[in-house]
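A short write-up of the structure that comes next.
All of the numbers you see were taken from the coordinates with simple rules; none came from a lab. Note that the coordinates shown come from a computational prediction; the quantities given were computed from them, not determined experimentally. Positions of Cβ are generated from backbone atoms using ideal geometry, with glycine treated the same way; all protein chains shown enter the neighbour counts.
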Amino acid sequence: MNKKLVERGEPYDKKNWYIIRIRYFIITVLDKFPRLKKIVFYLWDNIKTSRYKLTSKKLSTNKDNEMDVDKLYWIDPKKIRYASLKEFDVVKYKGKIIGGDWDLLERPFEELDIYVAFRERLIEGKKWETTVFYTRILNEIKQGKYLWDCKNEIDFDSRLKKLEMLFETIKKNGYKSQQELQSKNNLNPILIEDEVAVNIGRNGDLLFNNGAHRLSIAKLLNISKIPIKITVRHPHWVNQKKHLSDLES
C-alpha cells in the first residue's frame, strides 16, 4: 500500500507537542495531590465549557455562516469515501469556508491504516500488534506525542480495549448520537460536539474530518445511517448555492 495513503490527513494547525508534554507533566504532579487535582480539573472544565459556549454563540449569530453549525445530519456512512487532506478543529473551524486543495480525492478512507486495523482486529480477529496502525501510533507515543491521552503502551492498549467494547456496544444496541448517550438533565456541550465530522469539498464530496473510530465501526457494521456534523466547506461548493439538506437524500 502506498505510504501516502496510509495515514489520515494532517492537522490544519500544527500541534505544539512541547506544550502538550508540559500539560501532562503537570497532571502527573497533580496525581500526587488528589484534592488539588479535583479543584484544578473542575475549574479547567468550567473554563473550557464557557469558552465553548461563547464560541458557539458567536457562530450561531453570525449570519454569514448561512448554516446551523450545530445541526446533525443523518447520512449513510458509505457516502464518506475519502478523508480530507487537512483536518480542522471541530470547534475552532466549524461553519468556516476555507479554500485550498484539502479536498482533493487522494486518501480513500478505507485505505487509512486506522480503518484497516479496525477491520483486521474486529472482523478478522487479528491482534492489534500486527497492524500498521498500532506500530505507527506506538512509535509516535514513544516520540512524546501523547495521542488520545496515551503516554505509553499500557495506556494505548487500554484505549484499544475500550474501542473493542464500543464496537460490541454499537453492534448490540445500534449507533446513537452523543446527545442520546448523555443524561438529558446533565448535557455536556463539549461532548455533544464529539460526533463524526466531515468537510464538504468543492464538488460536494463528504470528506472525513474527525471521529475515525466511530466511522470505522459504522462502516464495518454496515450501519445504514449515522449522525454527522459539518466542519468546513470549500468556497467553490458554497458559490454553487448547494443546499445542506441535500446531504441526507
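Structural remarks
- 3J(HN,Hα) along region 75-84: 10, 6, x, 5, 6, 8, 9, 10, 9, 5 Hz, from the Karplus curve 6.51 cos²θ - 1.76 cosθ + 1.60 with θ = phi - 60°, whole Hz, x for Gly and Pro.
- For region 103-109, backbone phi angles converted through the Karplus equation (6.51, -1.76, 1.60; θ = phi - 60°) give residue-by-residue couplings of 9, 5, 7, 10, 10, x, 4 Hz, Gly and Pro being listed as x.
- Globularity index of region 69-248 is 1.06 (Cα radius of gyration / 2.2 N^0.38 Å, N = number of residues).
- Ascending count of other beta-carbon atoms within 10 Å, so fewest first, for Ile123, Ile98: Ile123, Ile98
- Sequence of Ser84, Ser224 once ranked by neighbouring C-beta atoms within 10 Å, starting from the fewest: Ser224, Ser84
- Computed lengthening from Met165 to Asp89, 0.36 nm per intervening residue step minus Cα-Cα distance: 24.7 nm
- Positive-end ranking of Ile114, Ile75, Ile98 along the dipole of region 69-248, with charges on Cβ about the Cα centre, is headed by Ile75.
- All aspartates and glutamates inside 12 Å of Lys219 as judged from Cα atoms, apart from same-chain residues fewer than 8 positions distant: Asp76, Glu110
- Placing pseudo-labels 7 Å out from each Cα toward the beta carbon at Gln240 and Ile98 gives an inter-label distance of 2.1 nm.
- Ordering of 102-110, 198-206, 142-150 by burial proxy (mean other Cβ atoms within 10 Å per residue, highest first): 198-206, 102-110, 142-150
- Residue-wise HN-Hα couplings along region 170-179, as the Karplus relation 6.51 cos²θ - 1.76 cosθ + 1.60 with θ = phi - 60° gives them from phi, are 5, 4, 7, 10, x, 8, 10, 6, 4, 5 Hz; Gly and Pro carry x.
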